[in-house]
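Colleague: After the structure tokens below, expect a handful of questions from me.
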Amino acid sequence: MNTQFNIPDEIRRCVYLTGALCAANHLYGKHATKKHLLRAAPENFFDWKGVNVYYKQIGTGDPVILVHAVHPAGSAFEWSRIADALAENHTVYMMDLPGCGRSGKPKLRYTSLYYMQFLYDFMEFLGLEQADIIASNRSAAFVLILAAFKPELVGKMLLISPPAVSRMAEAPDLGSRIKCTAVNLPILGTFIYNIISSRPQIDNYFSEKYLYNPFHDSDALIDTYFESAHLGQNAGHYLAASYMGKYLNINVTHAVQTLKNPLKILIGEQTAGSKKAAEEWKTLRKNLECVLLPHTRQLPAFEEPESVIKEIVSFL
């Protein structure tokens, strides 16, 4: 007896659509990474809790750790215009944070406490009893929390373009949780991520948000961030989901008010809300040095590397 099953048209269309999305995600990931701009040798990796993490060491002298902005498109490339100058008098350590760039991108909920633990273990792996730390944007949060919990590990801290304290303290809400859930989805979430991290979108972020001078933009810069966002078969969407869900946020008020480590902040003067952010930081600590860098937005190390190096050297 022959039995024939009729698959409803709605299910058949869903199967076709799912297959098409899978194929599109795969092809887009290969397209985004085809230039191989972020190269790395096997010896530039170490295993952290099963995650293959990229790092690099250059120079000699007192140790300085550079922590790029925690963002799916972020990587140690952020420091490419200042690292060599800094390495003339320091041993400079850089890494691609877990979830970013050349490092592994595990499926999990990323938080500032997760990255604080990573930074602590990274210093232990390097055998550093203490190091000065320079952190960009939201990475400022977990560096400050590490200094609050383990003040003996952290020397001087220089924060570049950290968000306003009130923004970093925003708790997840219904809207952010919905975004997180959507982008975390294995197929549709990856497709959404590919749209919001497309090359035109990244180019737009740089011209409208990250850089003050559009002439500082370049194809190499955009291509590198584009590749970083899509390495690891687009697994960056897990970090993107946590970022959009506000799970990386944490209140650093108490940490800033109680820690005794030397602290300096650089903020791009042309960043939206820069003066308000500077005032918020200065209210937390007496005599906190907070410098507004002219002609820059969120990536002053790209736009005005000489000015940034000058500020770093005078502080360290």
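The values are calculated or read from the model by the stated rules, or taken from the named source; none is laboratory data. Remember, predicted model here, so these are calculated numbers, not experimental data. Cβ: placed from backbone, ideal geometry, glycine included. Neighbour counts: every protein chain shown.
Colleague: Looking at the range 276-307, which of its residues are farther than 15 Å from LEU158 by Cβ, in contact with a strand residue (DSSP E or B) (Cβ under 7 Å, 6 or more places away or on another chain) and assigned to a helix (DSSP H, G or I)?
Modeller: Listed by number, the residues that qualify are ALA277, LYS282.
Colleague: Something else: Identify the residue in the range 44-82 that is out of contact with any Ser or Thr (no Cβ under 6 Å at 6 or more places or on another chain) and of a type in the set (Phe, Trp, Tyr) and, among all such residues, is nearest to PHE302 (Cα to Cα).
Modeller: TRP79
Colleague: With the requirement that a residue be among the β-branched types (Val, Ile, Thr), crowded, with 24+ Cβ neighbours inside 10 Å and assigned to a loop (DSSP other than H, G, I, E, B), what does the range 57-101 give you?
Modeller: Result: VAL70, single match.
Colleague: Within the range 243-287, track down each residue that is surrounded by 19 or more Cβ atoms within 10 Å (Cβ to Cβ) and of a type in the set (Ser, Thr, Tyr).
Modeller: Correct list: TYR243, TYR247, THR271, SER274.
Colleague: Go through the range 275-311 and report how many residues are at pLDDT 95 or above and at positive phi.
Modeller: 0
Colleague: Going through the range 216-242 one residue at a time, which ones are surrounded by fewer than 22 Cβ atoms within 10 Å (Cβ to Cβ) and not in a loop (DSSP other than H, G, I, E, B)?
Modeller: Within the range 216-242, HIS216, ASP219, ALA220, LEU221, ILE222, ASP223, THR224 meet the criteria.
Colleague: Of the residues LEU108, LEU113, which is in a helix (DSSP H, G or I) and either within 25 Å of HIS230 (Cα to Cα) or in contact with a helix residue (DSSP H, G or I) (Cβ under 6 Å, 6 or more places away or on another chain) (or both)?
Modeller: Within the list LEU108, LEU113, the selection yields LEU113.
Colleague: Consider LEU144 carefully, then state whether it is touching a Phe, Trp or Tyr at 6+ places or on another chain (Cβ under 9 Å), farther than 21 Å from MET244 by Cα and either acidic (Asp, Glu) or touching a residue at least 24 places away in the same chain (Cβ under 8 Å) (or both).
Modeller: Against the criterion (touching a Phe, Trp or Tyr at 6+ places or on another chain (Cβ under 9 Å), farther than 21 Å from MET244 by Cα and either acidic (Asp, Glu) or touching a residue at least 24 places away in the same chain (Cβ under 8 Å) (or both)), LEU144 does not qualify.
Colleague: Only one residue in SER161, SER139 is touching a Lys or Arg at 6+ places or on another chain (Cβ under 9 Å), hydroxyl-bearing (Ser, Thr, Tyr) and surrounded by 21 or more Cβ atoms within 10 Å (Cβ to Cβ). Which one?
Modeller: Going through SER161, SER139 in turn, just one is touching a Lys or Arg at 6+ places or on another chain (Cβ under 9 Å), hydroxyl-bearing (Ser, Thr, Tyr) and surrounded by 21 or more Cβ atoms within 10 Å (Cβ to Cβ): SER161.
Colleague: So GLN270 ticks every box in (1) among the polar types (S, T, N, Q); (2) more than 30 Å from ASN25 (Cα to Cα); (3) touching an Asp or Glu at 6+ places or on another chain (Cβ under 7 Å) but one. Which box is left unticked?
Modeller: With respect to (1) among the polar types (S, T, N, Q); (2) more than 30 Å from ASN25 (Cα to Cα); (3) touching an Asp or Glu at 6+ places or on another chain (Cβ under 7 Å), GLN270 is out only on (3).
Colleague: Among the numbered conditions (1) touching a helix residue (DSSP H, G or I) at 6+ places or on another chain (Cβ under 6 Å); (2) surrounded by fewer than 19 Cβ atoms within 10 Å (Cβ to Cβ); (3) over 25 Å from LYS105 (Cα atoms), tell me where VAL154 comes up short.
Modeller: Exception for VAL154: condition (2).
Colleague: Residue pairs, Cβ under 9 Å, 6 or more apart or interchain, first in the range 42-68 and on the phi > 0 side of the Ramachandran plot, second small (Gly, Ala, Ser) and in a loop (DSSP other than H, G, I, E, B). List them.
Modeller: Between residues of the range 42-68 that are on the phi > 0 side of the Ramachandran plot and residues that are small (Gly, Ala, Ser) and in a loop (DSSP other than H, G, I, E, B), the close pairs are GLY50/GLY104; GLY59/ALA87; GLY61/ALA87.
Colleague: Another question, if that's okay. Suppose we filter the range 208-220 for residues that are under 18 Å from SER274 (Cβ atoms) and not aromatic (Phe, Trp, Tyr); how many remain?
Modeller: Number of matching residues: 5.
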